Amino acid sequence: MLCLLALCLAAPSRADEQREPALKELLQKIIASRDCFSDMYESEVWHKAMEPKLTRYVASYEERIEILDQVYCEAKRDPSLALPPDLVLALIDVESRFDNWAVSPVGAVGLMQVMPFWPRQLGAQNQLVRIAPNIRMGCEILRFYLRAEHMNWARALARYNGSVGRNTYPALVMQRWQHTWRF
């Protein structure tokens, strides 16, 4: 496991170079929308299954619920490309270990390690340390890369991380998904 982490950290990240104009348009649209759960039964099942797993990372019950709500809602926001919410949790685990104050060596911020140029380019207030805006942008960025990579998860995750051409990061996210977060 430490070898995988060392390989991920060994090569320089290129996340700061990801400034596609089409992604900018998508992010502008999602910033304005604010809908969420419609099925409370599904919400309850999701909370009961996932909240205990999150306790080792996030001390506050309220913050755990906020993360779970945001992940679930943002993962399902686009019915044409719903993301597995538990895979989003795995991505957050790998990216920040659920630390909304995390900042990467290249400047990515928050739970999903979103680059700070996105809020600036979108004319939005930089609130990437806040749970909801960070997860919203992170999920939309992942969707964009999934579409660009024709639904190839490994390549989309590599683009998300700025590690195109290397499989270490996608493998780590998928492993964390299967062994820790699978719903």
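The values are calculated or read from the model by the stated rules, or taken from the named source; none is laboratory data. Everything numeric here is computed off the predicted structure, so don't read it as measured data. In this analysis, Cβ positions are derived from the backbone assuming ideal geometry, glycine residues included, and neighbour counts consider all displayed protein chains.
Values computed for the structure shown
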| read-out | value |
| --- | --- |
| Residue that is surrounded by the fewest Cβ atoms within 10 Å (Cβ to Cβ), among those in the range 147-183 that are assigned to a helix (DSSP H, G or I) and hydroxyl-bearing (S, T, Y) | T180 |
| Single condition A102 does not satisfy, out of (1) under 21 Å from W181 (Cα atoms); (2) modelled with pLDDT under 95; (3) surrounded by fewer than 21 Cβ atoms within 10 Å (Cβ to Cβ) | (2) |
| Any hit, the range 23-45, residues being part of a loop (DSSP other than H, G, I, E, B), over 17 Å from W181 (Cβ atoms) and modelled with pLDDT of 70 or more | no |
| Pair list, Cβ under 7 Å, 6 or more apart: the range 138-162 residue in contact (Cβ under 8 Å) with a residue 60 or more places away in the chain and under 20 Å from S96 (Cβ atoms), other residue of a type in the set (V, I, T) and assigned to a helix (DSSP H, G or I) | C139/V88; E140/I30; L157/V173; Y160/I141 |
| Selection count, the range 57-82, where residues are surrounded by fewer than 20 Cβ atoms within 10 Å (Cβ to Cβ), touching a residue at least 40 places away in the same chain (Cβ under 8 Å) and within 12 Å of R143 (Cα to Cα) | 3 |
